[in-house]
Amino acid sequence: MSDLNKEVVDLVWGRPSSGGVSASIFRRWAQGFVFCENEHTALEQFEGGPCAVLAPVQAFILKNIVFNRDSSNWRQMTEEEQKTALCSTLSEILESACSRPSTGFCLVTWAKGQGPHTSTHNNTQAQSQPQDMPVPEGSQPPPEQQPTALAAEDLGFEQFHSALHKRNIMSVSSLREEVLSLYHTWRGCCGVLLFLYSVILTKGIENIKNEIQDTMEPLIDPVHGHGSQSLVNLLVTGHAVSNVWDGDRECSGMKLHGIHEQASVGFLTLMESLRYCKEMSLVGPESPSEQARRVFQSFDPEDNGFIPDSLLEDVMKALDLVSEPEYVSLVKSKLDPENLGIILLGPFLLEFFPDQDSGIPDSFPVYHYNGLKQSNHNERVEYVEGTALVLGFEDPMVRTDDTPVKRCLQTRWPYIELLWTTDRSPSLN
């Protein structure tokens, strides 16, 4: 991989002014995909940073377990089921990232004898195997490399990149077989980075550069170690675009790329509640009332829940409602009987869409996952169970606390309330 190293490093890590990536940030990313001991379907994250890869992989794992598995207990898995779940998920993401099947796929693994603490084991293994029975690289874990967390102390940034090997695979069936054979590689030291590099080279460096809005922004922040929105989008949707809105937009003559089709797992962000970004309807088809809410709120940029009555006609026109002046005046008098000069969102929706069903149930179970031990109660990674209540436009009878988790979910369900089975709300940090 020596010829690709510089391009990959520049794309992923940027070009730090100090001349290299700090040892602490590299160490935080140098973990494998490790399942928790007490939550068999949950991946564990050991330090801040690699959640940009771990969270999408976790989402796809749960999607596949819930929808593609016969067992009703989605929280229990044997080790063999963990192997199948992880490897099928990694293959799915790689298939999604592949721009053209004819170009094939790429897997980045350790070069022979170059993985951390593998030399002694490799020699022993070679002596114990018959010559006509080759062992697939990465199929058996070295005893020293049973999937723990972080890289060996002596494996630094430069050494890691000097020990990589690239494989080209031309068919989906071969890809799935190879990914499965490398199970212990993904679980071991640097498994997250090996998979990330595999996705990048499968997608193609130039293809990623063409999709990223700012090619000078690396996929991993070299200062804080966090993954970018482009990295998250690449893993969730197969496209490394920098934005989360529907389709492309023009801004001052510049095309800004967004999401073009619905992914198989959803993505909500606290950044939207803070108004740093805006997601639209690709989480599911919009009902007429949901479209009306969105249009109404576009005339209410401060999220006050009302608009000046002078804007009512514009809203009605935007929704293709009857907007003759006489009718608009009649609607104003009905929605603002006290002549306050404002039109409230709730009464507006009830007036024009009284019987609309968005397809969202009144309540549904919700589970919160945070892979960092230190962000969980008693430092045990556990799913936190709760119930989500989707209420109407009026003031809800149930009020729960205003937490980041709730604010994040409110970007999709504005009137949601959360009732947790624990006495504390789970943490997003």
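The values are calculated or read from the model by the stated rules, or taken from the named source; none is laboratory data. Everything numeric in this text was worked out from a predicted model, so none of it was measured. Methodologically, a virtual Cβ is constructed for each residue, glycine included, from the backbone with ideal geometry; neighbour enumeration extends over all protein chains shown. With ligands, DNA and RNA removed, areas are computed over all heavy atoms of the protein, side chains included. Shrake-Rupley method; radii C 1.70, N 1.55, O 1.52, S 1.80 Å.
Order 305-312, 198-205 from most to least packed using the mean count of other Cβ atoms within 10 Å.
So the peptides 305-312, 198-205, ranked by packing, come out 198-205, 305-312.
Could you calculate the contour length gain from Leu330 to Lys317, that is, 0.36 nm times the residue separation minus the distance between their Cα atoms, to one decimal place in nm?
Once the chain is fully extended between Leu330 and Lys317, it gains 3.2 nm.
According to the square roots a ≥ b ≥ c of the eigenvalues of the Cα gyration tensor, what is the shape class of segment 1-108, taking rounded for a/c under 1.5, prolate for a/b larger than b/c otherwise, and oblate for the remainder?
Oblate, since a/c reaches 1.5 and b/c is not below a/b.
What FRET efficiency comes out for the pair Glu79/Glu379, r = Cβ-Cβ distance, R0 = 25 Å, nearest 0.05?
0.60
Can you give me the distance in nm between label points at Leu270 and Asn168, each placed 7 Å from the Cα along the Cα-to-Cβ direction?
Result: 4.4 nm between the two label points.
For Lys317, go through the lysines and keep the ones whose alpha-carbon is under 24 Å away, minus same-chain ones fewer than eight residues off.
Within reach: Lys278, Lys332, Lys334.
Skip the ligands, DNA and RNA, and give the accessible area per residue of segment 1-96 with a 1.4 Å probe, whole Å².
42 Å²
Roughly speaking, to the nearest percent, how much of segment 1-113's 1.4 Å accessible area is carbon and sulfur?
Reported share for carbon and sulfur atoms: 51 percent.
Expected output is a single nm value to one decimal: the length gained when fully extending between Val295 and Lys255, i.e. 0.36 nm times separation in residues minus the C-alpha distance. What is it?
Extra length available between Val295 and Lys255 comes to 12.1 nm.
Tell me which trypsin sites (Lys or Arg not before Pro) from segment 8-71 have a DSSP coil assignment and no more than 15 other beta carbons within 10 Å of their own.
Filter output for segment 8-71: Arg69.
Which of the peptides 103-113, 73-83, 258-268 is most tightly packed, and how do the rest follow, judged by the mean count of other Cβ atoms within 10 Å per residue?
Ranking the peptides 103-113, 73-83, 258-268 by packing returns 103-113, 258-268, 73-83.
Step through the table entries Lys63/Lys166; Lys83/Lys112; Lys83/Lys203; Lys112/Lys166; Lys112/Lys203; Lys6/Lys203, compare each Cα-Cα distance with 19 Å, and write down the pairs that go over it.
The answer is Lys63/Lys166; Lys83/Lys112; Lys83/Lys203; Lys112/Lys203.
Report the label-to-label distance for Asn68 and Asn339 in nanometres (one decimal), using points 7 Å from each Cα along the Cα→Cβ vector.
6.5 nm
Could you check the spin-label model distance between Leu428 and Lys209? Points 7 Å from the Cα along Cα→Cβ, value in nm.
Going from the Leu428 label point to the Lys209 one covers 3.5 nm.
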